[in-house]
Structure formats: C-alpha cells, structure tokens
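Asker: Handing you this structure, nothing more for now.
Throughout, read-outs are computed from the coordinates displayed, never taken from laboratory work. Fair warning: this is a prediction, and the values are worked out from it, not measured in the lab. As a convention, Cβ positions derive from the backbone with ideal geometry for all residues, glycine included, and neighbour counts pool all protein chains shown.
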Amino acid sequence: DWELADLYTELNRWDQAEALMREALARSREQLGPHHIDYLWQTMFLGDLLNMRGRWDEAEALFRQDRGELLALVGPLHPKTICAVHYLGQIELERGDATRAMPLLQEALRERTQVHGENHKWTQYTMSRVGQAYIALGQPREGIAVLERALDLATREGRRQQAYVLLILDNLARGYMAVGDLDRAEALLDEGLANAKASLPADNIRRGMLERSLGEWRERKGLREEAIAH
C-alpha cells in the first residue's frame, strides 16, 4: 500500500495517494500502537504529501509530534528524528519564511553529516534545501557554494541522474540566475529537464518545477512565447 501510494504521488494522483496512506496508517496504528517507531516513521510519509499539497499546518503538526516522540524514544541523532527536523525546515521554506527555515535546515544538515556523512543522498538533499534557503534570503553565492558541493558529491557517487538531484539542479540554476550567469543556469536546467523527461511521467511535480524555472530563464532572455510554453 505504501509503494502504491508513492506511485500515485509521482503521478500527481494526490487524493488517491492520501486516502491509501491514511488507510494504511490506521491499520499500522492498530497493529503497532501510536508510539511505535515504524508507525511514527510512516506518519512522515503522510506529512510529506500534505506538505507537497500546501497543507502546511497539518504537515507541521505531524512533524512536530513525530519529532517530540522520536526524541524521547531514540534521541536527537537518530535518522528518523533528524528527518522530522528537516521537514519542519522545509515546510517553513515552502511557506516562504526562509529566515525560520534556515536554522532548522542547518541543524538537520549538521546532524545528517555527523550520522550519515556527506556522501549519503539524505545529506545531499538537505544541502539542496539549505542552498535554496540561502537564495531565498538574498545570498545566492552562499547558496551556489552549497549546491555545487551537493552536485559534486552526487556526481562522484554516480547518482547525478537520480530524482533527488533534479532539485539540486533546479535550485543551483536559480542561484546562477540570481547572480546573472544565465549560461550556467541554462545548462543545468537543460540537463535537469532531459533527465526528468527520461525517468518521470509528464505530469510529475519535479518536471513542473524545472519547466517553471526554464520559463523564468526564457523570460529573462526576452523569449516571451517560449517562456509561456514552459
């Protein structure tokens, strides 16, 4: 059921994904209890979906509860506890409050680096969000430095074409657009969209993000009709 819900999410079939997740969670809660680590971990999948749907208050409530329970159960450096911290920061970033997002994301990055090391994809995913926060705070060069590091690590580990790297490419391109390096931004966005088209369905949200950024790039270049098409 969890795998099927994940597939529905990738296809933007949000209502079906959420309904299936809630059904699975109800059974998990009945079988394991509300304080079991596996049940708490599963609630984060629902929180992630709610965050993607823009239902930030509901998602935040889940992640705060998870973080509190996991702190008591397994401590602050357990990967699942750190994941809750990351998502709390990501929610603030999605809300548009990078000032509140940054300390949470930096905390998650420090702890993921300590627990997993820089080469783990979860660490690199948090790096991409820290870079995104820097750009949102008007510090694009700091963001570019973090994002280039994340991309280099993913490349050296042979993961450059994985789905999570699409976010790194998109954020990095937006950082370069912010400093006026449109050629570097175009190359990153073209790579990202080519990878997305090769591996994701047409209506996937990651593809939509890259199309949006390419539209902004075309607009900056004065290519209005191409921008509208993206």
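Asker: For a test of the definition: using alpha carbon positions, the gyration tensor, and the 1.5 limit on a/c, classify the stretch 146-220 as rounded, prolate or oblate.
Answerer: Oblate is the answer for the stretch 146-220, as a/c is 1.5 or above yet b/c matches or exceeds a/b.
Asker: Report, in deg cm²/dmol and to the nearest 500, the calculated mean residue ellipticity at 222 nm for the chain, where each DSSP H run with n ≥ 4 adds -39500 (n - 2.57) and the sum is divided by the residue count.
Answerer: -27000 deg cm²/dmol
Asker: For the chain, give the magnitude of the charge dipole about the Cα centre (Cβ charges: +1 Lys/Arg, -1 Asp/Glu; no others), in debye to the nearest 20.
Answerer: For the chain, the charge dipole is close to 340 debye.
Asker: From the mean inverse distance of alpha carbon pairs (Kirkwood) and the Cα radius of gyration, derive Rg over Rh for the stretch 98-230.
Answerer: 0.98
Asker: If R0 is 25 Å, what FRET efficiency do you get for Ala26 and Ser199 from their C-beta distance, rounded to 0.05?
Answerer: 0.15
Asker: Could you work out which residue, out of Ser199, Ser128, Ser213, moves most in a Gaussian network model of the chain, that is, has the largest mean-square fluctuation with Cα springs under 10 Å?
Answerer: Greatest mean-square fluctuation among the candidates belongs to Ser199.
Asker: If you average the alpha carbon positions of the stretch 13-76 and of the stretch 115-130, how far apart do those two centres end up, in angstrom?
Answerer: Taking the Cα centre of each part, the stretch 13-76 and the stretch 115-130 sit 22 Å apart.
Asker: Highest GNM mean-square fluctuation, the chain, Cα pairs closer than 10 Å: which of Arg100, Arg207, Arg220?
Answerer: Arg220
Asker: Still on this structure, please answer the following. How much length is gained on full extension from Arg160 to His35, taking 0.36 nm per residue of separation minus their Cα-Cα distance?
Answerer: Value of the extension gain: 41.3 nm.
Asker: May I ask you to derive the relative contact order of the stretch 68-130, considering only C-alpha pairs under 8 Å and at least 6 residues apart, and to give it as an integer percent?
Answerer: Once normalised by length, the contact order is 28 percent.
Asker: From the C-alpha gyration tensor of the chain, pull out the three semi-axes of the equivalent ellipsoid (sqrt of 5λ each), sorted largest to smallest, in whole Å.
Answerer: 31, 21, 15
Asker: How high is the relative contact order of the chain? Use alpha-carbon pairs under 8 Å, at least six apart in sequence, and give a whole percent.
Answerer: RCO, the chain: 12 percent.
Asker: Along each of its three principal axes, how wide is the spread of alpha-carbon positions in the stretch 123-162, in whole angstrom units, largest first?
Answerer: 31, 14, 14
Asker: Using only the Cα atoms of the stretch 3-67, what do you get for the radius of gyration and for Dmax, in Å?
Answerer: 11.4, 31
Asker: Let me ask another. Under 1.5 on a/c is rounded, so check that first for the stretch 183-228, then, if it is not, pick prolate when a/b is larger than b/c and oblate when it is not; a ≥ b ≥ c are the square roots of the alpha carbon gyration tensor eigenvalues.
Answerer: Here the stretch 183-228 falls in the oblate category.
Asker: Once a ≥ b ≥ c are taken as the square roots of the eigenvalues of the Cα gyration tensor of the stretch 77-154, is the result rounded (a/c under 1.5), prolate (a/b larger than b/c) or oblate (a/b not larger than b/c)?
Answerer: Note, shape of the stretch 77-154 comes out oblate.
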